[in-house]
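Accompanying notes for the structure given below.
The values are calculated or read from the model by the stated rules, or taken from the named source; none is laboratory data. Just so we're clear, the structure is a prediction, and the values are computed from it rather than from any experiment. Using ideal geometry, Cβ is built from the backbone for each residue, glycine included, and neighbour counts are taken over all protein chains shown.
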Amino acid sequence: MSVIVKVLAKLRSPALWGSWDRGFEAYTTTTKCFEGDIIYPCVFPTYIKGLLRRNAYSILPHLERLNIIKRDIYVRLFGPSVFEDGGVMILDEPSCIDVSFGKVVNDEEAKYIIKKWPPVESVKPARLEEALFIEPHIRLRDETGTVVEGALFTEERISNDLYVYFEVKIRCSDNVLDYLKLLLFSIALIPYEPIARGSTAEVCINVVGPSDELISFFVSSINSRSIWCSQ
């Protein structure tokens, strides 16, 4: 039996927007998706997986020391990578999880999600014109503090009153509770890591799968940190 973890993340600071039209900037993780005639910001599955993997890797030594999770659970869940200690991550190795695109949604849709926790594909995304705002910047001379001529530029950002909704499916049936525990530990660290470039987020989660007292307690603990989770 597969397990699906549904995550709704509320942006706490504006996320940088990048699009295929003007070139995909390195580490820009919010880009353009299409749904019918709607163009909306989204987050690539590979970036979400990379974020979760990085979080899990950072906490793994502590979980091993406390005999909560073994390293082979981490390797099976996210896939092997011989480059990890060197700071380079391979995100597409065979693993036990599938990650959906992250859809950017507005407050009204977020309230519906918290009540129903529907599949990501059935959720109505925020339109591009609703989601974006333009942030102007200037460049100053270090020595004088005056504006450099011609150095006015702008960045397109995702408003921080929006949300990102995505799903993580655990496909492997062996050690499923251990996989789920590690995944939840990783998700719990999202508020301390950027979910999109320049953006941190609070999270609410819902688990579709086997029931377990520890898992239920963990989910409740994560959700209790965010007042809006109970809306």
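Show me the strands (runs of 3 or more DSSP E) found entirely inside segment 16-126 where at least 2 residues are at pLDDT 90 or above. Let's see the steps before the verdict.
Values: elements: 30-35, 38-43, 97-99, 102-105.
The strands (runs of 3 or more DSSP E) meeting that bar are 97-99, 102-105.
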Check: Can you tell me which residues in segment 147-166 are surrounded by fewer than 20 Cβ atoms within 10 Å (Cβ to Cβ), charged (D, E, K, R) and part of a strand (DSSP E or B)?
Finding: 149, 155, 156
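Looking only at segment 163-183, which residues are hydrophobic (A, V, I, L, M, F, W, C), within 13 Å of the chain's Cα centre (by Cα) and over 12 Å from residue 3 (Cα atoms)? Even if it seems obvious, please write down each step before you answer.
Here is the first cut: in segment 163-183, the residues hydrophobic (A, V, I, L, M, F, W, C) are 164, 166, 168, 170, 172, 176-177, 180, 182-183.
Checking the rest, the ones that are also within 13 Å of the chain's Cα centre (by Cα) come to 164, 166, 168, 183.
The answer is 164, 166.
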Notebook entry, point to check: Just for segment 167-194: of the residues that are at pLDDT 90 or above and not in a helix (DSSP H, G or I), which one is surrounded by the fewest Cβ atoms within 10 Å (Cβ to Cβ)?
Noted result: 171
Next item on the list: Scan segment 42-67 for residues that are among the hydrophobic types (A, V, I, L, M, F, W, C) and surrounded by fewer than 16 Cβ atoms within 10 Å (Cβ to Cβ) and jot them down.
Entry: 66
